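Input: a single structure, listed below in structure tokens.
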Amino acid sequence: DARVTQTPRHKVTEMGQEVTMRCQPILGHNTVFWYRQTMMQGLELLAYFRNRAPLDDSGMPKDRFSAEMPDATLATLKIQPSEPRDSAVYFCASGLKGKASGGSGTGELFFGEGSRLTVL
Amino acid sequence: ILNVEQSPQSLHVQEGDSTNFTCSFPSSNFYALHWYRWETAKSPEALFVMTLNGDEKKKGRISATLNTKEGYSYLYIKGSQPEDSATYLCAFISSGNTGKLIFGQGTTLQVKP
């Protein structure tokens, strides 16, 4: 049963520490999204990759956040240094570009179970 | 800035009631609209992907309609059951942003037995 895998599921860390979250997209999917769940904004888009290339990271605080896809089976989201306001659930989702009509949209997204981050 | 609005923010209904909620999005540069269901302590799961004006999709007791010219989609649940309790999210893709999904805030539905 294909699914998106995220690690760690839970992370508690102290302010100032580096945090790395990892995502394994579904094999064959060519789009990867990182979202953050916040009370105020629901699912906030942080970064978006297609075919491993970053297409949009405008929602991400650039000074401390970075997102990469070193290969097709791994996406990472790094926070350095972490701050208490970064505490949230971070979701990774993958999809297949071209599945929704016409071949140039994004089909349905499949979400991982999320990484719950607490920064003390 | 793309604005995706959902209403109401929350809804409480009795088992057996039928209900509906709205997703509003920019009517220009429409490409696709998704609906997701998000149960507490789980991950969002796709319900529908809608691309054409006038589209109607159905899955069991849940259905959705799409009006791209006026920029809205409705999600209907017929005969709500307690297991329908969840947050329902819509996500918009514009033709100008290469497939990026922008989510609304969601409508949280509570169905009382």
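Table for the structure above
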| item | result |
| --- | --- |
| GluC sites (Glu not before Pro) lying in DSSP loop within the range B:1-70, provided at most 11 other Cβ fall within 10 Å | B:E70 |
| Among beta bridges that DSSP assigns inside chain B, antiparallel share in %, nearest 5 | 90 percent |
| Residue order, fewest to most beta carbons within 10 Å, for A:L117, B:L52, B:L101 | B:L52, A:L117, B:L101 |
| Chain A: radius of gyration over Cα atoms, expressed as a fraction of 2.2 N^0.38 Å | 1.03 |
| Whichever aspartates and glutamates have a C-alpha closer than 12 Å to that of B:K78, once near sequence neighbours (fewer than 8 apart) are set aside | B:E15, B:D17 |
| Cα extents of chain B along the three principal axes, largest first (Å) | 44, 28, 20 |
| Cα-derived Rg to Rh of the protein assembly as shown, Kirkwood definition | 0.97 |
| Mean-position separation - Cα centroids, the range B:43-90 and the range B:1-42, in angstrom | 7 Å |
| Rg to Rh quotient for the range A:46-86, alpha carbon positions, Kirkwood Rh | 0.99 |
| The range A:1-60: GluC sites (Glu not before Pro) in DSSP loop, at most 13 other beta carbons within 10 Å | A:E14, A:E18 |
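Just so you know, all these numbers are worked out from the coordinates, no wet-lab data involved. Predicted model only: the values in this text are computed from it and were never measured. A quick note on method: Cβ atoms are made from the backbone with ideal geometry, for glycine too, and the neighbour counts reach across all protein chains shown.
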